[in-house]
Amino acid sequence: MHAKERVLSFEAARSVVEQHAASVPPPAAETVTLDASLARILAEPISADREVPPFPRAMRDGYAVRAADLANLPARLKVLGEIKAGETRPHFT
């Protein structure tokens, strides 16, 4: 057998990996403490019993810009407004 014949195509290699993965059973669910749960996967979905905080919010601060406004760099942009936590979304033009 020549070395070239032992090289699998991407599709064939993927098929081999998928067939093997299908034969591996998932690990059994176990209960661990919260501090031991880092990098683990939940065995079932969970959901909170309330929204915290109880209004829409962004997970990060940031800016929204239009790509066209960045066509010529460096660009100087005008701040049109801000939305503070708990405020309704204003209409910017």
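The values are calculated or read from the model by the stated rules, or taken from the named source; none is laboratory data. Everything numeric here is computed off the predicted structure, so don't read it as measured data. Methodologically, a virtual Cβ is constructed for each residue, glycine included, from the backbone with ideal geometry; neighbour enumeration extends over all protein chains shown. All accessible areas refer to the heavy atoms of the entire protein, side chains included, with ligands and DNA or RNA removed. Shrake-Rupley method; radii C 1.70, N 1.55, O 1.52, S 1.80 Å.
Could you compute how fast the stretch 1-81 diffuses translationally, taking Rh as the Kirkwood radius over C-alpha pairs and applying Stokes-Einstein at 10 °C with viscosity 1.306 mPa s? Give it in µm² per second. It comes out at roughly 78 µm²/s.
Surface composition of the stretch 1-51: carbon and sulfur atoms hold 60% of the protein heavy-atom accessible area at a 1.4 Å probe. Axis angle, to the nearest 10 degrees, between helix 10-23 and the longest C-alpha principal axis of the chain: 80 degrees. Once the 1.4 Å probe is applied to the protein heavy atoms, the stretch 22-93 comes out at 109 Å² accessible per residue.
With R₀ fixed at 41 Å, the C-beta to C-beta distance from Phe55 to Ala21 puts the FRET efficiency at about 0.45.
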